[in-house]
Amino acid sequence: MHGMASLIDPEVLAYAEAHSTVPSAHLAAVDESTRADFGSWGMMVGRQEGRFLELLVFATNATSVLEIGTFTGYSSIAMAAGLGDGGSIISLEVDPHHATVSRGNIAAAGLESLISVIEGPALASLEQLQGPFDLVFIDADKVGYDAYFEAVLPKLAPRGLIVLDNTLQAGGVLDSATDRHESAQAIRTLNEKLVNDPRVVCVLTTIRDGVTLVRRAA
Ligand SMILES: C[S@@+](CC[C@H](N)C(=O)[O-])C[C@H]1O[C@@H](n2cnc3c(N)ncnc32)[C@H](O)[C@@H]1O
């Protein structure tokens, strides 16, 4: 990971990455060009989490996938590989440059009929989207996560999943006294809310920087 301390022993992480199926040539090209062109390349989910997301889409038979936070398209392109017939992805991105670059990468991968990038603030875009969504991947500004969660929960399919990235904040969620970073504070508050929320069942997994899976309670 770039720009944040890795929670996982680097050797273990490298081993896990090396034993997650090698990315497609298109995805490898997105990885390479993003590392070359963006100082913030560490925002990409990368090889292990990309395959994890693909397998979640595959295992849940998701056909209606929503992503909040496209960046250069790595996670969208990764998830597309898990879509069944008739499946599609809508991805929301506020930054016009990120939207343009991701659309280029999606087109280069031949996926423009499967992945649509909607440019603009995610909350405004969400108002226009009805759902139901089978899988929602939340990976935009951390301070906005709670609002995104509340906006998508009513639009989640009965057996749908919400997936939230970076829910460990490089460990910043652990200690409220020593960490004043607003992202860590926002995620710490959301993690507390989710585990006590009778509307949902959740699991915070220690994949990479923390990946939380949420479903509706029965
Ligand atoms: C962590 S990156 C997403 C990484 C991407 N999922 C991947 O794996 O390559 C977060 C993205 O969310 C976008 N973003 C931030 N605030 C947003 C908002 N209010 N609405 C939509 N997108 C937003 C940022 O511009 C950035 O591209």
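Quick note: the coordinates plus some simple rules give every number you see, no bench work behind them. Keep in mind that what you see is a predicted model, and the values were worked out from it rather than measured. Methodologically, a virtual Cβ is constructed for each residue, glycine included, from the backbone with ideal geometry; neighbour enumeration extends over all protein chains shown.
Ranking 102, 76, 158 by how far each Cα lies toward the positive end of the dipole of region 4-216 (charges on Cβ) leaves 158 at the top. Distance between the modelled labels on residue 193 and residue 141, one decimal in nanometres: 1.5 nm (7 Å Cα→Cβ projection). Taking amide H atoms as placed 1.01 Å from N in the peptide plane, list the residues 5 or more away in sequence, or in a different chain, whose amide H sits under 5 Å from that of residue 133. Here 156, 157 satisfy the definition. When each of the peptides 192-203, 72-83, 30-41, 207-218 is scored by the mean number of other C-beta atoms lying within 10 Å of its residues, the order from highest to lowest reads 72-83, 207-218, 30-41, 192-203.
When every Cα-Cα distance of region 25-93 is counted in 10 angstrom steps from zero, the calculated P(r) takes the values 22, 52, 23, 3 percent. Projecting the Cα positions of 48, 126, 64 onto the charge dipole of region 1-154 (unit charges on Cβ atoms of Lys, Arg, Asp and Glu, taken about the Cα centre) puts 48 furthest along the positive direction. The Cα trace of the chain gives Rg and Dmax of 16.3, 49 Å, the first to one decimal, the second as a whole number. This model, with +1 at the C-beta of Lys and Arg and -1 at the C-beta of Asp and Glu, gives the chain a dipole about its Cα centre of some 520 debye.
A simple charge model with +1 on the Cβ of Lys and Arg, -1 on the Cβ of Asp and Glu and nothing else charged puts the dipole of region 102-182 at about 220 debye relative to its Cα centre. The Cα center of region 171-218 and the Cα center of region 71-103 differ in position by 24 Å.
Put the Cα centre of region 1-54 next to the Cα centre of region 129-165 and the gap is 23 Å.
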